[in-house]
Amino acid sequence: MQTPTTDIGRAALAALLEDPAHALLASDFDGVLAPIVDDPDTAHVHPGAVAALSRVAARLRGVAVVTGRPAAQAVSLGGFEGADGLADLVVLGQYGVERWEAATGEITAPEPPPGIEPARRRVPGLLAELDLRDAQVEDKGRALALHVRRLPDPDGALERLRRPVAELAAENDLHVEPGKHVFELRAVGFDKGDAIRTLLEETGATTLVYLGDDVGDIPAYDAVEAYRNGGAQRHGLLIWSESDESPAAAEALGKRADLVVPGPDGAIAWLEHLADRLESSS
Ligand SMILES: [Mg+2]
């Protein structure tokens, strides 16, 4: 099993193995449980993900998926509904705005932010003006994602979009979430850090493992660090699912992580090894 490279990470893993009933594992979806693909609609969960998560879930206080995707989409792509051993899974979608619980099969969420509708109407014209008509607009209902991954020069397209998208967001009281060749416009005031704080509060867990791969995971990293710095009995383990697609993620997450795993294959292998350890010690 790959062990954390930091003292604080090793302490967190030890705490988890010592007292799994007070440990929570939360993971991003894309780039951790599912390989990144050009068309986000065709993403597929790693074939070993559900089995690994369910083995871990059987021993821990809880397991959650925290994603920028709509919760229903992550549940569907992940095959989480009715999955063996995941009867208590929680999927926090759209950065925690939406919540799906396997126990009920229902999604709860607030109304979409009022700025989404005017932004939605404006986006096609904006893309036309920037000569980026072929950018892919993913309408998430409560958020709009502009994908440039499939354009001939995705990095150049992203740069051209940066300022106009920031202006559009400011005009409509929305937040811009940057990602791998994507800008997402969404409600202000929800990020993965909020999702992590909510999970900690409602479960009473004292050890939290978080797996992420991209800059949208930075607030979750911040929340885990703030939590574990808040008391000797609090533990947090930050895992980065490595990707060479995003230098910003390498800078923001890679350098802060207690453990780096080689992409989704490495993340799933690590979860399997964790399950082995949990099963052999009980
Ligand atoms: Mg991701």
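The table below lists the values:
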| item | result |
| --- | --- |
| Sites matching GluC sites (Glu not before Pro) across segment 47-111 that sit in DSSP coil, with at most 15 neighbouring C-beta atoms within 10 Å | 81 |
| Cα centroid separation - segment 96-128 against segment 164-206, whole Å | 12 |
| Taking all pairs of distinct alpha-carbon atoms in the chain, Kirkwood radius in angstrom | 19.1 |
| Angstrom value of the Kirkwood radius, inverse mean 1/r, which spans all Cα pairs in segment 116-187 | 11.8 |
| Ranked list, fewest to most other Cβ atoms within 10 Å of each Cβ, for 7, 139 | 7, 139 |
| Protection proxy ranking, peptides 225-236, 194-205, average beta carbon neighbours within 10 Å, highest first | 194-205, 225-236 |
| Computed over segment 133-246, Cα set: Rg, Dmax in Å | 16.6, 53 |
| Reference-scaled alpha-carbon Rg (2.2 N^0.38 Å with N residues) for segment 1-110 | 1.10 |
| Likely footprinting exposure, 243, 76, 281, fewest C-beta neighbours within 10 Å first | 281, 76, 243 |
| Exposure proxy order (Cβ contacts within 10 Å, fewest to most) of 5, 206 | 5, 206 |
| Value of [θ]222 nm, deg cm²/dmol, for the chain, DSSP H segments ≥ 4, -39500 (n - 2.57) each, nearest 500 | -11500 deg cm²/dmol |
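Coordinate-derived values only; no laboratory data. None of these values were measured; they are calculated from a predicted model. A quick note on method: Cβ atoms are made from the backbone with ideal geometry, for glycine too, and the neighbour counts reach across all protein chains shown.
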